[in-house]
1. Within 10 Å, count the other beta carbons around each residue, average over each peptide in 38-45, 92-99, 133-140, and list them highest first.
2. What is the extension gain from residue 89 to residue 53, computed as 0.36 nm multiplied by their sequence separation minus the C-alpha to C-alpha distance, in nm to one decimal?
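A short reminder: the numbers here are calculations on the coordinates, not readings from a lab. Here the structure is a predicted model, which is why all the values come from computation and not from measurement. FYI the Cβ positions are ideal-geometry reconstructions off the backbone, even for glycines, and counts take in every protein chain you see.
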């Protein structure tokens, strides 16, 4: 399952208008305009290697206008998301402020010259706008590639696993004291540690 499908399967309408909007008759007249809004709950979902959690429903708003050949949908979805920091595994909290964008060609409208047909959606015969796919895309495009609790997060000590944001763990000092006897014993070149490679010394 890809990222968009994962988020889409986790959406639940809480209040307001449904995510599938039936276009009112007046919107089929050029220059007409309508607004829609609501809230939607998002269950925990995975996007790439990260699992995201939403403690509160997301709010969304959309403006739908008739451009003559199509219905233009613009708006936003806002809320708060949580996931594990990629460095220290503590909560990484960030705001979702995604932009909703959609363009649905009306019946009989021609695709603009030079444009790819895949760049446009056509308004379905039942005149219902699939707002769900637009909200999903707005959420996914807002998610960070590498979620961090803070840009300066120091992460975990690779030796003992301590959270370095809480202070030094002491491992770095121990390592700076030099390798212990056990580590030297594992090193196949340990026997050469005290060998002199002075070029002035030569056999008779």
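1. Numbers: 38-45: 18.1, 92-99: 16.0, 133-140: 22.4.
In descending order of packing, they fall as 133-140, 38-45, 92-99.
2. Working: separation 36, 0.36 × 36 = 12.96 nm, distance 1.41 nm.
Length gained between residue 89 and residue 53: 11.5 nm.
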